Amino acid sequence: MSIRERQRIILEKGAEAATKWIGSAASVSFHTVVFIVAFALPLLHIVTFDRMLLVLTTMVSLEAIYLSIFIQMSINMNNQNIEIIQGDIEELGEEIEELGTDIEELGEDIEEIQKDVDELGEDIEELGEDIEEIGEDIEEMQKDVEELGDDIEELGEDLEEFSEDLEIIQKEVDEIQVEIEEDEDEQPKLSHERELLLSIQATLAALQKEIEQLKGNNRY
């Protein structure tokens, strides 16, 4: 800090202190005492009245001059402070405007986020409905599978019964074939019946194979 700046700061502080003191109760008391003493000196024949009045007038004039200077310095400092405050207020206003803009943008962002949240909620509801429908479809498919399993079991039972019937028929055919072979020497005319019996036997064998294949498929 330079010497001039220090002097300026000292003068400003002195002017501010003097201005405050002039407007205080101590200043009123001091001036009252000075005036009483000044007017008492001529009465006590210490100085003449004209000399006292000259000195008092000179002192009051000098005080008024310095007081006006101090007041003007205080006004100048206040003006500077006011300008600084106004600048700060303007900057604060700009910052408030920027803050208001940011708040508006934030509000718009919040609205967009709220819309996205609403849309997401709708999507979740639709997804829940789809899941419920899929669950219902799965239940229906399970029912169909169970019904199909029951049908397969019934078909398996029917096939087993049919297979048992075929075995019985096969046994009867074998017995008939044995009888035909025993009677073949005595009755040559039964050769046609034997051929028919062999055809039936072959058909029964083919049916039995198909039944076995169906049983194997039902197991898988």
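All of the numbers you see were taken from the coordinates with simple rules; none came from a lab. Owing to the predicted nature of the structure, the values given are computational and were not obtained by experimental measurement. Heads up, the Cβs are rebuilt from the backbone with ideal geometry, glycines too, and the neighbour counts pull from every protein chain shown.
What the table shows:
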quantity	calculated
R0 of 35 Å, Cβ-Cβ distance GLU122-ASP158: FRET efficiency to nearest 0.05	0.10
Relative contact order (%) - the chain, alpha-carbon pairs under 8 angstrom, separation at least six	16 percent
Sites excluded, GluC sites (Glu not before Pro) in DSSP loops with at most 14 other C-beta within 10 Å, longest stretch of the chain	1-183
Backbone HN-Hα couplings from phi across region 136-146 [Karplus 6.51/-1.76/1.60, Hz, Gly and Pro as x]	4, 4, 5, 4, 4, 5, 4, 4, 4, 5, 4
Cα-based shape type of region 1-72, given that a ≥ b ≥ c are square roots of the gyration tensor eigenvalues and the cut on a/c is 1.5	prolate
Potential lengthening between GLU167 and GLU129 on full extension [0.36 nm per residue; Cα-Cα distance subtracted]	8.1 nm
Charge sum, other residues only, whose C-beta stays under 15 Å from ALA38's C-beta, Lys/Arg counted +1 and Asp/Glu -1	-1
Estimated FRET transfer efficiency when R0 is 30 angstrom, pair GLN86-LYS20 (beta carbons, to 0.05)	0.80
Simple label model, 7 Å out from Cα along Cβ direction - ILE69 to ILE110, nm	6.1 nm
Region 3-107, relative contact order in percent, only Cα pairs under 8 angstrom and at least six apart counted	33 percent
Extension gain (nm, one decimal) between LEU198 and THR58, 0.36 nm per residue minus Cα-Cα	33.9 nm
Net +/- balance of residues flanking LEU11 in space, Cβ distance below 13 Å, scoring K and R +1, D and E -1	+1
Label point distance in nm, ILE46-GLU147, each placed 7 Å from Cα along Cα→Cβ	13.4 nm
Whether the chain is rounded, prolate or oblate, judged on the alpha carbon gyration tensor where a/c under 1.5 counts as rounded	prolate
Ellipticity estimate at 222 nm from DSSP helix runs (n ≥ 4, -39,500 (n - 2.57)) divided over the chain, nearest 500	-34500 deg cm²/dmol
